Each structure stands twice: as C-alpha cells, then as structure tokens.
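S.K.: Dropping the structure in here first, questions after.
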Amino acid sequence: MARIESGNWNNLPWQEVREGITRVVFGMGADNINCTINKVDNGNEVRPHAHPDNEQIALVIEGECDYYVDGTPYRLTPRSWVTVPKGVEHYIHVYDSPVPCMQIDIFYPLRPEYNESYSKFLEEENK
C-alpha cells in the first residue's frame, strides 16, 4: 500500500548514475509511479535506450537539452517536457546548456530497480 511522503530533494544526496549524470529518486512510497530528478552535464555520453514496460515524462526545470524520442529531437528548456511511450527509443543530449540540465523523469508503472538502487545508495551514505 502506498504511503504518504513529503520532502525536499535539496536535502537528499545525489547518486552518480554514470559520468556526467547524477540523480535523486523521490516519492518512493508510491505503489505505481517513480520520480527522479537528474542533473546532466554538458557533453554527457549519449545512450539510446527504451523501456519496454514503462511510459515516461521528461520535464526540464533548469538548463537546456535535446531530448530524442523515436529519432526526433525535441529542444527542452525550463518548464518544457516530452512524453516517451513504452518501448520507444529515446535519450538526452546536453551539449550547449549554460548550466547543467536539471530534468525530472516520471515513470509509469514504477521502476523498482530505481528505488532499490537509491535505497542501497542511501544506506551506504548513512554508514
């Protein structure tokens, strides 16, 4: 059963996903949805991929990026978003942003591996 959570991502540690990309996973009390905030540096390694079971909304809150969905680039600036249907190839490309691109991902249904990875990261941080 879902539980009520409240917080501020500024109070949570950033987990390195790979060089140039860090994230915070929040709202882990939800049963059916995930939410992450990602910080993506200029020159990030581009990795096209698809999520066969998940729909995704990518929302930029700071900086700029090209977000490719099914081969089409969408220029995302603060307060803009793009939806990614399940099974469709996509990736983020940050190359000329004045600041790191801060981007929120919302996944449905939830991606349990994100919650598990971030929970393990938090345990290590708190040792």
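Every read-out reported here was derived from the displayed coordinates using simple, explicitly stated rules and does not represent laboratory data. None of these values were measured; they are calculated from a predicted model. Heads up, the Cβs are rebuilt from the backbone with ideal geometry, glycines too, and the neighbour counts pull from every protein chain shown.
S.K.: If each residue's Cβ is checked for other Cβ atoms within 10 Å, how do SER6, SER97, SER80 rank with the fewest at the top? The partial results should precede the final answer.
M.R.: On the way: SER6 7, SER97 19, SER80 15.
Neighbour counts put them in this order, fewest first: SER6, SER80, SER97.
S.K.: A follow-up question, please. Which angle between 0 and 90 degrees, to the nearest 10, do you get for helix 112-125 versus the longest principal axis of the chain when only C-alpha atoms count?
M.R.: 70
S.K.: May I pose another question? In debye to the nearest 20, how big a dipole does region 12-125 give about its Cα centre with +1 on each Lys and Arg Cβ and -1 on each Asp and Glu Cβ? Please list the in-between numbers first.
M.R.: Numbers: 9 positive and 19 negative charges, 52 e Å.
Dipole of region 12-125, to the nearest 20 debye: 260 debye.
S.K.: What is the P(r) of region 16-127, as percent of Cα-Cα pairs per 10 Å bin from 0?
M.R.: 15, 46, 33, 6, 0
S.K.: With an 8 Å cut-off on Cα pairs and a minimum separation of 6 or more residues, tell me the relative contact order of the chain in percent.
M.R.: Working: 292 pairs, mean separation 36.7, N = 127.
Averaging sequence separation for qualifying contacts and normalising by length gives 29 percent for the chain.
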